[in-house]
1. Tell me the volume per residue, in Å³, of the convex hull enclosing the alpha carbons of region 17-146.
2. Note down the net charge around Ala25, summing +1 for each Lys or Arg and -1 for each Asp or Glu among other residues with Cβ under 14 Å from its Cβ.
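Taken together, the values in this text are just the output of simple stated rules run on the coordinates, not laboratory data. In this text, all values refer to a predicted model and were calculated from it rather than measured experimentally. Cβ atoms come from the backbone with ideal geometry, glycine included; neighbour counts cover every protein chain shown.
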Amino acid sequence: MSGKNKNKQQQRSSLSSYQYLFIAAAVATAIAGIIHLYMPISHPRMLGNMPIAVFFLGSGIAQLFWVLPMIKRWGRIWYYIGIAGNVGFIILYVVTRFPGNPVNGRGGDVDAVDMICELAQVAYIAITAVILAKERSIKIVDKEQLR
């Protein structure tokens, strides 16, 4: 095998492993979205507080929607918005764990479901950051082959 063909084969292998990152990011945001949808159902108190219930339902729907931009590869702006939204959710979560916070005035408990959701959001952010870094290094011609 010539050096040129070997190089192309290595490049294709690298590009195909890059494709799995989009699936991983979509799975991570889907997990967080499902958990956000589950929260009002699992905590009956939330159903009594409509603004909080609507927030969790809206968050879940948005995160489930975000599977599309990742699977369909809608582009960098979508990836950045997804990262920003997840960073916002994480900041809001951390703030609401402290007593006297400006959101609800009391500190919230931390449970396993919360941690799974937060870890899924952190995973989405990290995976999408890797996607953005890899996209900077891939030539335009190679990007067209991926579509």
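1. Numbers: hull volume 12.8 nm³, N = 130.
It comes to 98 Å³ per residue, whole-number rounded.
2. Numbers: positive: Lys72, Arg73, Arg76, Lys134; negative: Glu135.
Here the count lands on +3.
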